[in-house]
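The structure under discussion appears below in the form of structure tokens.
The values are calculated or read from the model by the stated rules, or taken from the named source; none is laboratory data. No experiment lies behind these values; they were computed from the predicted model shown. Here the Cβ positions follow ideal geometry from the backbone for every residue, glycine too, while neighbour counts run over all protein chains shown.
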Amino acid sequence: MKRFVVIGLGNFGASVAQALHAAGHDVIAVDTSEPAVDAIAPHVTRAAVGDGKQLATLERVGARGADAGVVSTGEDVTASILAAMALRDLGVQEIYAKVISLDHARVMSKMGVTETVFPERESALRLATRMSHRGILNYVRLGTDFSIQEMAVPQNWIGRSLLELQLPRRYGISVVAVHDMLRDEIVPVSDPRRSLTESDALLVAGKDADLQKAARVQ
């Protein structure tokens, strides 16, 4: 069991706090809003009204030495910077920060936070990708130009095997698993000779340009 601190209980922060607690971890949730704290209290280990920028507040609620911290202070960039600094001063080595702009992300990265999360931008990119390529069912970016996506099997791939299609050689992409949509099961590629069906979707990984090329196949 790990101990996590979540500072800021808007939609993002509250959702992260609840998910971590549901996974069996100790979660300390902090916000200046009493209604927000009251709402999250039944779903976390400890919920406290307080200023998450203040070292004394975080010390009081038990943040020192936590396994990780999540900073989600909404539009207040200064508050997120100070909260991250306070967590670092309390020996929290892993810090994840929600950011509201690329400049905000750069500042937090230079401070040494473990990871910045830009939910609005990431959601927009996923939506734009799905709208541009109707065959893409899901999309997760893993780096600046590398992603995993779930794509419907193109019409001229149906009835053919992965061995026959040679996707790594032809498109530079790797098939991670096959999603059987009828049974809603994701299965590893144990038999590359298995013929693809109309109800299959492929979980594929590769560079964005290569994935886009594969997504254009009809």
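Values for this structure:
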{"item": "Check on residue 17, among the hydrophobic types (A, V, I, L, M, F, W, C) and closer than 17 Å to residue 113 by Cβ", "result": "no"}
{"item": "Test: residue 51 is surrounded by fewer than 16 Cβ atoms within 10 Å (Cβ to Cβ) and modelled with pLDDT of 90 or more", "result": "no"}
{"item": "Of all residues making up region 125-156, the number that are over 20 Å from residue 96 (Cβ atoms) and modelled with pLDDT under 75", "result": "13"}
{"item": "From 94, 75, residue being among the acidic types (Asp, Glu), closer than 20 Å to residue 12 by Cβ, surrounded by 15 or more Cβ atoms within 10 Å (Cβ to Cβ) and under 21 Å from the mean Cα position of the chain (by Cα)", "result": "94"}
{"item": "Region 54-72, subset assigned to a loop (DSSP other than H, G, I, E, B) and small (Gly, Ala, Ser), residue surrounded by the fewest Cβ atoms within 10 Å (Cβ to Cβ)", "result": "65"}
{"item": "Residue list for region 192-218, filter: assigned to a loop (DSSP other than H, G, I, E, B), touching a helix residue (DSSP H, G or I) at 6+ places or on another chain (Cβ under 9 Å) and of a type outside the set (Val, Ile, Thr)", "result": "192, 193, 194, 196, 198, 218"}
{"item": "Residue tally, condition in contact (Cβ under 8 Å) with a residue 60 or more places away in the chain and either not charged (D, E, K, R) or not assigned by TED's automatic domain parsing to the domain that holds residue 210 (or both), over region 143-185", "result": "8"}
